1. Rounded to the nearest 0.05, what FRET efficiency do residue 41 and residue 148 have when you use their Cβ-Cβ distance and R0 = 25 Å?
2. Mind grabbing the base-10 log of I(q)/I(0) for the range 83-131 at q = 0.29, 0.30 Å⁻¹? Debye formula, identical points on the C-alpha positions, no solvent, two decimal places.
3. Counting pairs of alpha carbon atoms under 8 Å apart in space and at least six apart in sequence, what relative contact order in percent does the range 35-177 give?
4. Sort 30-43, 93-106 by packing, meaning the average of other beta carbons within 10 Å per residue, with the highest value first.
5. Working out 0.36 nm times the residue gap between residue 97 and residue 83, then minus their Cα-Cα distance, what length gain in nm do you get to one decimal?
6. Could you give the distance between the Cα centres of the range 154-177 and the range 35-51, to the whole Å?
7. Can you give the Kirkwood hydrodynamic radius of the range 123-167 from its Cα pairs, in Å with one decimal?
8. How are the Cα pair distances of the range 93-177 distributed, in percent, across 5 Å bins from 0?
């Protein structure tokens, strides 16, 4: 119960902080990836496993330390892992201080677990590629990120050198089938 309350509280705080900037933010399309299959190999020390999907493909999955029941998984277990990545970008007004924050929350059940993270950081636009419909950002500590942009109007609103705040809301859910 406490964990569920913590997840809700974390997202409520993030939402409350984001509301004043809502009109100035642009939400990029959510990326969702789901892998379902059988664990073929597992490396407990590296927290990594290979999953064989129904069509015979092998998919490597790195499991974050927050997944407490990882040591209970074994070769042959059927699992499903879903990763959602939701990104908001806000053009930063001149003179506004840079940000770099992160909050995480974890929930666990008997056969599943979810880890959620919300991270906000200030980054600079270093490349705009209209032909590939993408923008490349550089943030703290040389971090670099490129993202496809669906709405072409965005390219008319930004330029190389602009500062933006990028907020990620990501979650990974792993469940044993």
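Readers should treat all values here as calculations from the given coordinates under stated rules, not as data from a laboratory. Remember, it's a predicted structure, so these values are computed and weren't measured experimentally. Backbone-built Cβ (ideal geometry, glycine too); neighbour counts: all protein chains shown.
1. Once rounded, the FRET efficiency stands at 0.20.
2. For the range 83-131 at q = 0.29, 0.30 Å⁻¹, log10 I(q)/I(0) is -1.21, -1.23.
3. Relative contact order for the range 35-177 comes out at 27 percent.
4. Sorting 30-43, 93-106 by mean packing, highest first, produces 30-43, 93-106.
5. 1.9 nm
6. 27
7. One over the average 1/r among Cα pairs gives 10.6 Å for the range 123-167.
8. 3, 12, 19, 18, 15, 12, 9, 7, 4, 2, 0
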